[in-house]
1. So what's the net charge close to Thr39: Lys and Arg +1, Asp and Glu -1, counting the other residues with Cβ under 11 Å from its Cβ?
2. How far, in nm, would the chain grow between Cys111 and Glu44 when pulled straight, counting 0.36 nm per residue and subtracting the alpha carbon separation?
3. Going down the list Lys12/Lys55; Lys69/Lys93; Lys12/Lys93; Lys69/Lys94; Lys64/Lys109, which pairs span over 22 Å between their C-alpha atoms?
4. Can you tell me how much longer the chain between Thr20 and Asn74 gets when fully stretched, taken as 0.36 nm per residue apart minus their C-alpha distance, in nm with one decimal?
5. Whole-Hz Karplus ³J(HN,Hα) for segment 82-96, in order, using 6.51 cos²θ - 1.76 cosθ + 1.60 and θ = phi - 60°, x for Gly and Pro?
6. Determine, for each peptide in 109-121, 11-23, the mean count of other beta carbons within 10 angstrom over its residues, then list the peptides with the highest first.
Amino acid sequence: MSYHLYGFIIGKEIHFDVETGRMYRLPSTRANKNFIFGTISFNETMLQLFLYLLKHARNREVTKEELFKNVWENNDLSSSSQRLWQVLHNLNKKLNTLGLPADFIRNIKGCGYIINYLDITPVYYRISDLLPNSEQTKERVKLVNILGD
């Protein structure tokens, strides 16, 4: 039985949906009488970078060279240290708007980058659990084939 990555839950309130490329915050406290919903979306490079870091940099450092190869070169993009810094800077700013710490993605000087947050849970689904012949199933199968996950 094959499982595919749906996304990640970060902390108790933040959800990252890989398929839509969106991250949203749903407050979990019932004490707040107001419903506050926050969402951010990513451009393609930022999405690929964030997804790669969530998959690989939670337990180890990921080097710049690894990011250049797996995020930029594998997507036929031209890489540079300046471009990496710019995308990471903008990504951290977006993550901060949802309440994640400013150093969620941390640079370890001379080594690479790590995800500096412990409470991250990957969420998987089984294609076989989706309704057969539904548009949702067809779209997810296409997405799985594209992402290779």
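1. Values: positive: Arg22, Arg25, Lys94; negative: Asp17.
So the surrounding residues net to +2.
2. Numbers: separation 67, 0.36 × 67 = 24.12 nm, distance 2.52 nm.
The Cys111-Glu44 span can extend by a further 21.6 nm.
3. Values: Lys12/Lys55 19 Å; Lys69/Lys93 24 Å; Lys12/Lys93 20 Å; Lys69/Lys94 24 Å; Lys64/Lys109 11 Å.
Where the Cα-Cα span goes over 22 Å, the pairs concerned are Lys69/Lys93; Lys69/Lys94.
4. Details: separation 54, 0.36 × 54 = 19.44 nm, distance 2.05 nm.
Extra length available between Thr20 and Asn74 comes to 17.4 nm.
5. Each residue of segment 82-96 in turn: 5, 5, 4, 4, 5, 5, 5, 4, 5, 5, 4, 4, 5, 4, 5 Hz.
6. Numbers: 109-121: 13.6, 11-23: 17.2.
Highest-to-lowest ranking by the protection proxy: 11-23, 109-121.
Coordinate-derived values only; no laboratory data. As the structure is a prediction and not an experimental result, all values here were calculated from the model. All Cβ positions, even for glycine, are placed from backbone atoms using ideal geometry, and neighbour counts span all protein chains on display.
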